[in-house]
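Okay, so here's the structure we're looking at.
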Number of protein chains: 2
Amino acid sequence: MSSTKLTGKAVVGQSGGPTAVINQSLVGVIEEARRQKQITGLLGARHGVRGIINEDFLDLSGLSQSTLEAVAVTPSSALGSTRDKPDRNYCQKIFEAFQKNDVRYFFYIGGNDSADTANIVHQVANEENYDLRVFHIPKTIDNDLRVTDHCPGYGSAAKFVAQALMGDDLDNRSLKGVKIDVIMGRHAGFLTAATILARQHADAGPHLIYVPEAVFDEAKFITDVDRVMKKLGRCIIAVSEGIHDAAGTPITAKMASLHEKDAHGNIQLSGTGALGDFLAELIRSRLGTVEKKLRVRADTFGYLQRSFVGVYSEVDAREARLVGQMAVRHATNDNTDGSVALKRLGNDGSYGVETFVTSLASVARATKSLPAEYLVPDGNDIDESYRSYVAPLVGKLPTVGYLY
Amino acid sequence: MSSTKLTGKAVVGQSGGPTAVINQSLVGVIEEARRQKQITGLLGARHGVRGIINEDFLDLSGLSQSTLEAVAVTPSSALGSTRDKPDRNYCQKIFEAFQKNDVRYFFYIGGNDSADTANIVHQVANEENYDLRVFHIPKTIDNDLRVTDHCPGYGSAAKFVAQALMGDDLDNRSLKGVKIDVIMGRHAGFLTAATILARQHADAGPHLIYVPEAVFDEAKFITDVDRVMKKLGRCIIAVSEGIHDAAGTPITAKMASLHEKDAHGNIQLSGTGALGDFLAELIRSRLGTVEKKLRVRADTFGYLQRSFVGVYSEVDAREARLVGQMAVRHATNDNTDGSVALKRLGNDGSYGVETFVTSLASVARATKSLPAEYLVPDGNDIDESYRSYVAPLVGKLPTVGYLY
């Protein structure tokens, strides 16, 4: 940490998969940067780190408040995003672009990979004796960042999947059958776990929930579905895209090897309906008969859960704005580096947060899984206690009515 | 038409795929039936016609206004739905259940098949000299009923897909590539056509739109995508599930025959991601190279577009309530039978509707396609004039902001 407060330009960028509120964080940075005299100009890097090394910057200083507020409520990354995962050589180039443009503040909104990039850029600057304040600003619908209680972006995606499952359950009550909903989450089941919020009625689904933190066993799965069908005559299933077998092999990978044997060429495994269709066919073939065809459908929520316009959590939006603002405040006022994390306040039903700074290294690279306390022994559901963790992040859900 | 006004019980049922506002029509029937003294009791048939022949009725007379309003804003069919398509024999059984229960009014909320059922039941009653007033109440997200200007249920589904495409376009601006969105519509492209409402910015998608009313040619499709990619570096494609080739063969059917040759058992063609995945693979194999992998993703909106909780068009909700009310009013006050249709009023930018009665036969069985005036010669887009047809049905969409 440098002892003198730095004066110079700031660069802000957005990285990785978009969220419904990632632009709230961007607007938080823009607003706060304007208030801080040490920041002499604010450049937006288009498409994250790629915009930095290509010096593809937008001047963010002259925007009107109405533009800022319109951007804030717009999902996806207004500056553009990137999937580039910089190595040390790439980070060296980022640093050189900063040096060349007299950049003294770097704010990077993203997940664990973005924190890693920020961390390496920070190390390079240190080695070169170049004073640079670096802040990572958390975002991810996966909610898998370490240290922080939860991640901005998660609450809104959780709200989307909760509303989707509420609707899907009503649909399935009306026309009965088995319905599979595939939800984003390669390694962490937080988003899929949020579907328990859809249970607002005695027989409401999801009736079965499978996350990557539990082993997915096909035979057990069929038994589970059969049991629910015998009890209710219908079954709603929420499943993470990253479910895997006891050996740790993702079910999608097993499908790929099957398909390769068929010599049908490459099968895309993300951004497709393949897993849902595979599970639907599994149920159909094991539980359906020629005489009694089973109605089985699968939907894969895809990008809707991270980018749908008009559905977001107000709490999430507020917190996303806050972490952007606080990153600038800590970098300028406290002259420090790090990542902004959220601490949950209130245990008596009230809810609030405060922010704190954690080191870049503490959130870089590795991620967090759904804690074991929220899993059930059978691996086919989420413990009801998860509701008190997730409900405040989502806020009020629409009310629905029933006739029976 | 009988000359004396009938006194007796009424039965109401819901049929076919749910919509976001089908319960508004149900509540409209309940409210209005209470006002009409000739209706001595209102029975809700659970799961449509099946609930009638099984005499599985809910008494709808004692419900509180708060329950009614909660049900009204709840998507999917609160009474339950059915896919049963009654033949004449089945309709005879419906009639017998009515006769047995002194039912003099029958209100059936559904699409063209439901209108057909209502029509046959009406004919059977006439033949048996049993006085029965029968009304069909229109609903369908497909918007494919004849006579009426548009169908209750369509505006809300159109709003969902418009908001989804707005978000998807923002996502794709942020992380560029080809994105395919598969939208409901086996024979009619109205819902897919509504995606043009997502174009709220110079380069906003969908950049290509394919509906069942135009021939889908794979080679042409690839050329279209290639052209957009060369121009914008990204491409959003909206496609109806029912697209077909020049011979009229659905693309999904062609896929099925491929799969059957693989002897992999039955491939489900609706409620799956198969069409999107097929088109994505087509683009990837034709336009991608080993050196330059193309980012291609596909989402199939599935049931979300008809049952998502919390997103509906207020205009659509109001009109859905209205057609339910008017069916009861016409049946009791005018002592007539038929289907309630909507006539659009106002040509100077204002919008309004009035209802009128059309015969059951005029909406039964056959459906309507997207008029040719809304198609473009190339078959890869929807004419901009469609906006003035669809925008009033959807109402205000969320506003989004851009930085560039």
A careful count of residues in segment B:112-147 that are over 11 Å from B:D337 (Cβ atoms) and either among the aliphatic types (A, V, I, L, M) or crowded, with 24+ Cβ neighbours inside 10 Å (or both) gives 14
Going by the conditions given, is B:A20 free of Cβ contacts under 8 Å to residues at least 12 places away in the same chain and within 18 Å of B:F308 (Cβ to Cβ)?
no
Give the number of residues within segment B:314-325 that are more than 14 Å from chain A (Cβ to nearest Cβ) and surrounded by fewer than 24 Cβ atoms within 10 Å (Cβ to Cβ).
5
Among the numbered criteria (1) under 21 Å from A:A118 (Cβ atoms); (2) hydrophobic (A, V, I, L, M, F, W, C); (3) without any contact (Cβ under 8 Å) to a residue 60 or more places away in the chain, which single criterion is violated by A:L68?
(1)
List, please: which pairs have Cβ atoms under 8 Å, are six or more places apart or on different chains, and start with a residue in segment B:126-140 that is not assigned by TED's automatic domain parsing to the domain that holds B:G110 and end with one that is among the basic types (K, R) and modelled with pLDDT under 95?
none
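In this structure, does B:V71 turn out to be at pLDDT 95 or above, in contact with a Gly (Cβ under 6 Å, 6 or more places away or on another chain), of a type in the set (A, V, I, L, M, F, W, C) and not assigned by TED's automatic domain parsing to the domain that holds B:Y303?
When the stated conditions are applied, B:V71 passes them.
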Filtered residue count, segment A:344-399, keeping only those that are at pLDDT 95 or above and within 14 Å of another protein chain (Cβ to nearest Cβ)
5
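Per-residue answers, yes or no, for (1) buried (at least 20 other Cβ atoms within 10 Å of the Cβ); (2) facing chain B (nearest Cβ under 9 Å):
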| site | (1), (2) |
| --- | --- |
| A:L279 | yes, no |
| A:R284 | no, yes |
| A:L287 | no, no |
| A:V290 | no, no |
| A:V296 | yes, yes |
| A:G302 | yes, yes |
| A:Q305 | yes, no |
| A:Y312 | yes, no |
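In this structure, is A:A391 within 20 Å of the chain's Cα centre (by Cα) and part of a helix (DSSP H, G or I)?
yes
Conditions (1) among the aromatic types (F, W, Y); (2) at pLDDT below 95; (3) more than 24 Å from A:Q305 (Cβ to Cβ); (4) under 23 Å from the mean Cα position of the chain (by Cα), marked per residue:
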site	(1), (2), (3), (4)
B:F190	yes, no, yes, yes
B:R199	no, no, no, yes
B:A204	no, no, no, no
B:H207	no, no, no, no
B:Y210	yes, no, yes, yes
B:E213	no, no, yes, yes
B:F216	yes, no, yes, yes
B:A219	no, no, yes, no
B:I222	no, no, yes, no
Being in contact with a strand residue (DSSP E or B) (Cβ under 7 Å, 6 or more places away or on another chain), without any contact (Cβ under 8 Å) to a residue 60 or more places away in the chain and under 17 Å from A:G242 (Cα atoms) is the filter here, so list the residues in segment A:358-392 that pass it.
none
Flag if A:Y105 is surrounded by 24 or more Cβ atoms within 10 Å (Cβ to Cβ) and more than 30 Å from A:G310 (Cβ to Cβ)
yes
Take B:G41 and decide whether it is surrounded by fewer than 18 Cβ atoms within 10 Å (Cβ to Cβ), without any contact (Cβ under 8 Å) to a residue 40 or more places away in the chain and more than 16 Å from B:Y105 (Cα to Cα).
no
Please specify each residue of segment B:157-182 satisfying the condition of being over 18 Å from A:I22 (Cβ atoms) and more than 22 Å from the chain's Cα centre (by Cα).
B:G177, B:V178, B:K179
Selected residue (criterion: farthest from the chain's Cα centre (by Cα)) from residues of segment B:51-104 that are within 14 Å of another protein chain (Cβ to nearest Cβ) and within 19 Å of B:A125 (Cα to Cα):
B:G51
With the condition kept exactly as written, say whether any residue in segment A:343-356 is under 25 Å from the mean Cα position of the chain (by Cα) and buried (at least 20 other Cβ atoms within 10 Å of the Cβ).
yes
Can you spot a residue in segment B:288-309 that is at positive phi, of a type outside the set (S, T, N, Q) and assigned by TED's automatic domain parsing to the domain that holds B:G177?
yes
Matching residues, segment B:222-245, being within 14 Å of B:L275 (Cα to Cα) and not acidic (D, E)
B:I237, B:A238, B:V239, B:S240, B:G242, B:I243, B:H244
For segment B:179-195, how many residues are among the polar types (S, T, N, Q) and either out of contact with any helix residue (DSSP H, G or I) (no Cβ under 7 Å at 6 or more places or on another chain) or in a loop (DSSP other than H, G, I, E, B) (or both)?
1
Given the criterion modelled with pLDDT of 95 or more, assigned by TED's automatic domain parsing to the domain that holds A:R284, farther than 30 Å from A:A253 by Cβ and in a loop (DSSP other than H, G, I, E, B), identify the matching residue among A:K176, A:K159.
A:K176
Inspect all residues belonging to segment A:85-98 and state whether any of them is surrounded by fewer than 22 Cβ atoms within 10 Å (Cβ to Cβ), touching a strand residue (DSSP E or B) at 6+ places or on another chain (Cβ under 9 Å) and not assigned by TED's automatic domain parsing to the domain that holds A:I183.
yes
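The values are calculated or read from the model by the stated rules, or taken from the named source; none is laboratory data. Owing to the predicted nature of the structure, the values given are computational and were not obtained by experimental measurement. Heads up, the Cβs are rebuilt from the backbone with ideal geometry, glycines too, and the neighbour counts pull from every protein chain shown.
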